[in-house]
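Asks: So that we are looking at the same thing, I have put the structure below in structure tokens.
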Amino acid sequence: MQEAPYADLSPETILDAMESMGFAASGGLLALNSYENRVYQVELDDGAFVVAKFYRPERWTDAAIREEHTFTAELQAEEISVVAPETRDGETLFEHNGFRFAVFPRQGGHPPNLENEADLEVLARTIARLHAIGNRTDFVHRARLTTERLGHESREFLLAGQFVPPDIEEAYSTVTAHLLERIEPLVADAPAVRIHGDCHMGNVLWRGDTPHFVDFDDCVMGPPVQDLWMLLSGERAEQTAQLALILDAYTTFTDFATATLKLVEPLRTLRIMHHAAWIARRWHDPAFPLAFPWFDSPRFWSEHLLELREQQALLDEPPLSYL
């Protein structure tokens, strides 16, 4: 793995890449907020703007990226507002100087207001339509949401790399082992369809009473509830009320397996563990120490361990109910 995977991605290389695929760039570049990949707003000669996404080397295969693009095109064809890549000669994935990239239309908007019940219902109905289409076939080349990939591999990487401070290493090892032992059978039995996979509100842009879904970089085979639990917030009573609203809207378009509500806290736990390991895996990338300077501090790891212990307690509670 390159120590600085984007060291050679200069402004000149970006503009040359755009020109190589027939995008007449004016020279105006604006780096957008992205760490896993490098994403830029590019101004074209005609005054229009597009977004160029340069994929992190060695993360996904070409086939997996193309499968992501095919999924967004399928959703778009069904009039779900997703930001799908531009095509050149039937191709959506391009290469220049060793960098793979795709070009997308620029989409304006703001994060949805989840406190607005009408917006929450529209969002739930749209996700239901996305899942109904996702259920038509399976991904072949993309990953599956599993406890092994998000949990065990994250835990092993952090421990083997000695990222966890020595004074809490044993506690971290014990807590995470117990968590994964409980979570694994629940996730293993869950139904899986093609889902967005990272449906936090930073990946949904609201404009004109319509949610526009962006960044399918983490789309996977997984349980539909993975795209729904991030819509919940507040105390248990608040989440229960939100869930009733969400699922009433969701089930007007497709079925929902209510038994999978027991996965909400297990999936949240896996996300917490995977996020810490994600930063650790990218620590060699100079952008990450700058963006996450607190990551290697004792305070972060103490708080991380506390959060995992809180998840242990939440797993002991009854799952959220719909009815």
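The values are calculated or read from the model by the stated rules, or taken from the named source; none is laboratory data. Since the model is a prediction, treat every value here as computed from it, not as a measurement. With ideal geometry, Cβ positions are generated from the backbone for all residues, glycine too; neighbour counts draw on all protein chains shown.
Asks: Give me the helices (runs of 4 or more DSSP H) completely within the range 226-323, filtered to those with at least 1 residues that are in contact with a Leu (Cβ under 7 Å, 6 or more places away or on another chain) and either buried (at least 19 other Cβ atoms within 10 Å of the Cβ) or in the same structural domain as I183 (by TED's automatic domain parsing) (or both), ordered by residue number. Spell out how you get there, then give the answer.
Replies: Working: elements: 236-250, 264-281, 287-291, 298-315.
Once the helices (runs of 4 or more DSSP H) in the range 226-323 are filtered for at least 1 residues that are in contact with a Leu (Cβ under 7 Å, 6 or more places away or on another chain) and either buried (at least 19 other Cβ atoms within 10 Å of the Cβ) or in the same structural domain as I183 (by TED's automatic domain parsing) (or both), what remains is 236-250, 264-281, 298-315.
Asks: Which condition does A17 not pass, out of (1) exposed (fewer than 12 other Cβ atoms within 10 Å of the Cβ); (2) touching a residue at least 40 places away in the same chain (Cβ under 8 Å); (3) farther than 29 Å from M221 by Cβ, if it passes all the others?
Replies: If we test A17 against (1) exposed (fewer than 12 other Cβ atoms within 10 Å of the Cβ); (2) touching a residue at least 40 places away in the same chain (Cβ under 8 Å); (3) farther than 29 Å from M221 by Cβ, just (1) comes out false.
Asks: Can you pull out the residues in the range 240-270 that are more than 26 Å from T147 (Cβ to Cβ) and among the small types (G, A, S)?
Replies: Residues satisfying the conditions are A241, A244, A249.
Asks: Could you tell me which numbered condition L150 fails, if it satisfies all but one of (1) assigned to a loop (DSSP other than H, G, I, E, B); (2) touching a residue at least 12 places away in the same chain (Cβ under 8 Å)?
Replies: Of the numbered conditions (1) assigned to a loop (DSSP other than H, G, I, E, B); (2) touching a residue at least 12 places away in the same chain (Cβ under 8 Å), the odd one out for L150 is (1).
Asks: Please name all residue pairs, on different chains or six or more residues apart, with Cβ atoms under 9 Å, provided the first residue is in the range 66-91 and is under 24 Å from R207 (Cα atoms) and surrounded by 14 or more Cβ atoms within 10 Å (Cβ to Cβ) and the second residue is at pLDDT below 95 and among the polar types (S, T, N, Q).
Replies: Pairs that qualify, where the first residue is under 24 Å from R207 (Cα atoms) and surrounded by 14 or more Cβ atoms within 10 Å (Cβ to Cβ) and the partner is at pLDDT below 95 and among the polar types (S, T, N, Q), are L75/S81; S81/Q107; S81/T210; V83/Q107.
Asks: Right, another one. Could you list, in sequence order, the residues of the range 115-128 that are touching a residue at least 60 places away in the same chain (Cβ under 8 Å) and surrounded by fewer than 18 Cβ atoms within 10 Å (Cβ to Cβ)? Reasoning before the result, please.
Replies: Filtering the range 115-128 for residues touching a residue at least 60 places away in the same chain (Cβ under 8 Å) gives 117, 119-128.
E117, D119, E121, V122, listed by residue number.
Asks: Can you name the number of the only condition in (1) within 30 Å of A52 (Cβ to Cβ); (2) surrounded by fewer than 19 Cβ atoms within 10 Å (Cβ to Cβ) that H196 fails?
Replies: (2)
Asks: For the range 161-217, what are the residues that are under 30 Å from A73 (Cβ atoms), free of Cβ contacts under 8 Å to residues at least 40 places away in the same chain and outside any loop (DSSP other than H, G, I, E, B)?
Replies: Passing the criteria: only N203.
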